[in-house]
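Participant: Here's a structure for you.
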Amino acid sequence: MTKFIFVTGGVVSSLGKGITAASLAAVLEARGLKVTMTKMDPYINVDPGTMSPFQHGEVFVTEDGAETDLDLGYYERFLRHSKMSKVNNFTSGRVYQTVLAKERRGDYLGGTVQVIPHITDEIKSRVKASGKGFDIAIIEIGGTVGDIESLPFMEAVRQLQVELGHDNAMLMHLTLLPYIKSASELKTKPTQHSVKELLSIGIQPDILVCRTEHDVDADTKRKIALFTNVPERAVVVCKDARSIYEIPRTFYEQNLDDLVCERFGFDVPEADLSDWDKVIEGLMSAEGEIVVAMVGKYVELPDAYKSVNEALLHAGIHNRTKVKIHYIDAEKLETQANLMDELKSCDAVLVPGGFGERGTVGKMMAIKYARENNKPYLGICLGMQLAVIEFARNVLGLSANSTEFDRKASEPIIGLITEWFDEKGELQIRSDDSDLGGTMRLGAQEAELVLGSKLAKIYGTRNITERHRHRYEMNNRYIESLEAAGMKISGYSARQHLVEAVEIDDHPWFVAVQYHPEFTSSPRGGHPLFNSFIKAAIDLK
Ligand code: GLN
């Protein structure tokens, strides 16, 4: 039977609930347990895929093509053996949509449809389904205790705890211990209040994780335990760490994994955290620094590029070099000369994924600079499409564009592919309707790399699987002229022969890919493409 750990947050948001939950998952996995994780988001949007990165940060894409909350990215980075899927993230909107569809179908036979039991039942069944086949499922509830939106989720968790029983379910609550400078004291009152809030809806936490900037003495811990009915050994301190990847060890040192295993009756070996120790060692022994210019549209909110940021950090660990990201606003780059100077002072250039025309001129200026000045360039998704357009315009002299920016482009080198021949030679037609989110090429797909390409060398294999999230593709009509001028196709999709990657022959490191390599980078091994990109930047510095 699957055991469940529910994770809630109190006092304030942004305490790093996802990272905390994932760190506990990592320690439990290091004891040989099969662990999965799920995020329940209380907002009404049905699909995180259509939410603005400005407000919500990156959209993380799973292997099976679900567009999810960025916390799932942390789950995959911390877990080695479990991949996330569409069952691992759902919103209030999705839950209501399911219940409303049932109501319309007449499934409730005209009965009154209510938050309790109908909404809570739907939540419970999704939670149970997400844990199937695992020893432990860690379920994170978005938002903060006391939010109106999260109440149905809290109630579902309360009911699940009763149904599953003491030996099969636990609740971990994350709080903040603020430091009051004038009193030189850590304050426990907000923690007490947030536990009271939980108690008022019938939930008693089993574990408290206290986020703090300072050490917590034994007296304070005793006080927290006493006022929250949580055993002292279950009051765990999570002080600001040098790196998030240190947190699994922090938990291990406070025996949090023992507490969980005892409660659930798991007789498993000690946690082997050597992988995590190596990550920290790599991070701390870094010598020198590489500055990567990240030219994008959402630069005010680095969370919008979370997985790319992490993948660069991982590549730094792998190469024992500190990687600093210098964000450059693509739109401002078009007009502000000082930003061009900043770009020039960086060691490498990266243009990440994006949607819409705004900022594309600036991004192409950055790409042109990298191409002409032998700076390592990594283009991701839109970053590939723009690399192709820039090359077609400035090297081939075509007035090339993407039909995303100009529906009537005279040279549509990037466009919606509505027809292709499948492996049997049959014509397939993809509909180009305007239902946002419906027409994307999404999730993991196989690609074949071209023999002798730089990319095949970088991966050390010709068959790769990478994740996609885009509507537009390169137009194969232009392959011949691009290749003749030095921009080579380095990979095609296995099924439809779509261009998956390009590279420039006489450039030390210019690679652009239609897929999103950042989603599969792990702190332990990095990702071959990012590792190679950073290595090139070091070698050319
Ligand atoms: N806007 C482009 C497309 O839809 C690129 C998408 C992306 O970069 N993720 O194809």
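Participant: Between Lys187 and Leu540, what is 0.36 nm times their sequence separation minus the Cα-Cα distance? Round to one decimal in nm.
Facilitator: So the chain would gain 122.0 nm between Lys187 and Leu540.
Participant: From the helices alone, meaning DSSP H stretches of at least four residues, give me the mean residue ellipticity at 222 nm for the chain, per-run term -39500 (n - 2.57), in deg cm²/dmol to the nearest 500.
Facilitator: Dividing the helical sum by the residues of the chain leaves -10500 deg cm²/dmol.
Participant: Show log10 I(q)/I(0) for the range 295-345 at q = 0.18 Å⁻¹, two decimals, from a solvent-free Debye sum over equal Cα scatterers.
Facilitator: Evaluating at q = 0.18 Å⁻¹ gives log10 I(q)/I(0) of -0.65.
Participant: Looking at the P(r) of the range 64-211, how many percent of alpha-carbon pairs lie beyond 29 Å?
Facilitator: I get 27 percent for the Cα pairs in the range 64-211 exceeding 29 Å.
Participant: Another question, then. In nm, to one decimal, how far is the Asn229 label point from the Val291 one, both placed 7 Å along Cα→Cβ?
Facilitator: 5.6 nm
Participant: A follow-up question, please. Quick one: helix 92-105 against the long Cα principal axis of the chain, what's the angle to the nearest 10°, folded into 0 to 90?
Facilitator: With both axes taken from Cα atoms, the answer is about 90 degrees.
Participant: Can you check what the Kirkwood hydrodynamic radius comes to for the chain, Cα pairs only, in Å to one decimal?
Facilitator: Taking the inverse mean of 1/r over all distinct Cα pairs, the chain comes out at 25.0 Å.
Participant: Using 0.36 nm per residue of separation minus the Cα-Cα distance, give me the extension gain between Glu334 and Ser14 in nm, one decimal.
Facilitator: That works out to 111.8 nm of additional length.
Participant: What number comes out for the charge environment of Glu140, summing +1 per Lys or Arg and -1 per Asp or Glu over other residues with Cβ under 11 Å away?
Facilitator: Summing Lys/Arg as +1 and Asp/Glu as -1 gives -1.
Participant: Next question. Mind listing the Cα extents of the range 167-218 along all three principal axes, in Å, largest one first?
Facilitator: 42, 20, 15
Participant: Output wanted: per-residue J couplings in Hz (rounded whole) for the range 40-53, from phi through Karplus 6.51 cos²θ - 1.76 cosθ + 1.60, θ = phi - 60°, x for Gly and Pro.
Facilitator: Each residue's phi maps through the Karplus curve to give 9, 9, x, 6, 8, 3, 6, 9, x, x, 9, 8, 5, x Hz.
Participant: Divide, for the range 284-394, the radius of gyration over alpha carbons by 2.2 N^0.38 Å, where N is the residue count.
Facilitator: Expressed relative to 2.2 N^0.38 Å, the Cα Rg reads 1.02.
Participant: Ordered by residue, what ³J(HN,Hα) values in Hz, to whole numbers, does the range 6-12 give under the Karplus form 6.51 cos²θ - 1.76 cosθ + 1.60, where θ = phi - 60° and Gly and Pro are x?
Facilitator: With coefficients 6.51, -1.76 and 1.60, one gets 8, 10, 10, x, x, 6, 9 Hz.
Participant: Would you mind checking which residues have amide H under 5 Å from Glu466's amide H? H placed 1.01 Å from N; only 5 or more apart, or other chain.
Facilitator: Close amide H contacts, sequence-distant or interchain: Gln445, Ala447.
Participant: Please quote Rg/Rh for the range 1-75 to two decimal places, taking the Kirkwood radius as Rh and restricting both calculations to Cα atoms.
Facilitator: 0.98
Participant: Can you compute the radius of gyration and Dmax for the range 168-292, using only the Cα atoms, both in Å?
Facilitator: Taking only Cα atoms of the range 168-292, I get Rg and Dmax of 17.0, 53 Å.
Participant: Tell me which residues come under 5 Å, amide H to amide H, from Asn89 once H is placed; ignore anything under 5 positions away on its chain.
Facilitator: Lys39
Participant: Residues with amide H under 5 Å of Trp509's amide H, sequence separation 5 or more or different chain, H placed in the peptide plane at 1.01 Å from N; which?
Facilitator: Tyr377
Participant: Still on this structure, I have one more. Which three extents, in angstrom, do the Cα atoms of the range 466-538 have along their principal axes, listed largest first?
Facilitator: Principal extents (Cα only, largest first): 40, 29, 17 Å.
Participant: What GluC sites (Glu not before Pro) does the range 150-238 have in DSSP loop regions with at most 11 other beta carbons within 10 Å?
Facilitator: Listed in order of number, the matching sites are Glu213.
Participant: Quick one: the Cα spread of the range 95-169 along its three principal axes, in angstroms, biggest first?
Facilitator: On the principal axes, the range 95-169 reaches 38, 31, 19 Å in Cα extent.
Participant: Please turn the phi angles of the range 302-316 into ³J(HN,Hα) values with the Karplus equation 6.51 cos²θ - 1.76 cosθ + 1.60 (θ = phi - 60°), one per residue in order, whole Hz, x for glycine and proline.
Facilitator: x, 4, 5, 10, 3, 5, 5, 4, 5, 4, 5, 4, 4, 5, x
Participant: Something else: Mind scanning Lys375/Lys457; Lys17/Lys332; Lys297/Lys375; Lys454/Lys541; Lys17/Lys306; Lys86/Lys322 and naming the pairs with a C-alpha gap bigger than 23 Å?
Facilitator: Lys17/Lys332; Lys86/Lys322
Bear in mind that the values in this text are calculations on the coordinates, not laboratory data. Quick caveat, the model's predicted, so the values are computed rather than measured. All Cβ positions, glycine included, derive from the backbone under ideal geometry; neighbour counts span all protein chains shown.
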